[in-house]
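Read-outs throughout are calculated quantities, based only on the coordinates presented, and are distinct from any laboratory measurement. Just so you know, these numbers come straight off a predicted model, no measurement behind them. Here Cβ is always computed from backbone atoms with ideal geometry, including for glycine, and neighbour counts include all displayed protein chains.
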Amino acid sequence: MQVVIENAGAETGALILLEDDRLTVVAQCSGSRQCHMEKLTVTGCATIPVSVIDSVERTQETLVFDDAVNEPSFLNDLYIQHQQTRSLLCMPILKQSQLIGILYLENNLSTGVFTSDRLQVLKLLMAQAAISLEKKMLGCMNG
């Protein structure tokens with residue numbers, strides 16, 4: 001996660017995995033601090049914009065906002081409005097077209113952080129992450 005945050009230009013991020021058919025936040029990180037690894041269900045998590053996560057889960061499409069706090073579709077998201085979220089990226093992690101997780105990144109200092117070049121790097125990193133996560137999940141089931 002730290003590598004992803006640094007490469008993307010994000011301040012903070014979260015890794016959300018599909019566990020037992022429920023989205024679970026498994027890691028929350030900021031660029032300057034260690035990752036927080038406590039597992040929380042998405043619906044009970046106050047440190048991510050649940051409406052954004054739900055949208056990506058439903059559509060399996062990447063969302064990128066240059067200035068999320070002014071994005072019409074998320075004006076009612078309390079998290080985004082409270083945090084004054086500027087740059088936001090939320091990307092599905094897919095393995096063979098199946099959703100296995102979601103990557104959430106934000107930067108509250110700058111607008112337009114998540115450029116198309118950075119998005120391409122993230123897609124490569126997430127493809128590798130999907131393989132690693134699948135191996136880990138299979139290892140847990142077989143072990």
Inset, instruction - Subtract the Cα-Cα distance of GLN128 and LEU78 from 0.36 nm times their separation in residues, and report this length gain in nm to one decimal. - result: 14.7 nm
Inset, instruction - Give the relative contact order (percent, whole number) for region 1-82; include only Cα pairs under 8 Å separated by 6+ residues. - result: 19 percent
Inset, instruction - Grab the Cα-Cα distance for GLN2 and ASP54, subtract it from 0.36 nm times how many residues apart they are, and report the gain in nm with one decimal. - result: 16.3 nm
Inset, instruction - Would you calculate, for the chain, the mean residue ellipticity at 222 nm contributed by helices, counting each DSSP H stretch of 4 or more residues as -39,500 (n - 2.57) and dividing by all residues, to the nearest 500? - result: -11000 deg cm²/dmol
Inset, instruction - Would you mind ranking ASP20, ASP117 by Cβ crowding within 10 Å, fewest neighbours first? - result: ASP20, ASP117
Inset, instruction - Starting from the amide H of LEU23, placed 1.01 Å from N in the peptide plane, find each other amide H under 5 Å away whose residue is 5 or more places distant or on another chain. - result: VAL42
Inset, instruction - Apply the Karplus parameterisation 6.51 cos²θ - 1.76 cosθ + 1.60, with θ equal to phi minus 60°, to every residue of region 61-71 and state each ³J(HN,Hα) to the nearest whole Hz, in sequence, with x for glycine and proline. - result: 10, 6, 10, 10, 10, 6, 8, 4, 4, 9, 6
Inset, instruction - At most 13 other Cβ atoms within 10 Å plus a DSSP loop assignment makes a site exposed; report the longest stretch of the chain without any exposed trypsin sites (Lys or Arg not before Pro). - result: 40-143
Legend entry - Ranking of LEU88, LEU18 by count of other Cβ atoms within 10 Å, fewest first: LEU18, LEU88
Legend entry - Average Cα contact separation per residue, the chain, under 8 Å, 6 or more apart, as relative contact order %: 24 percent
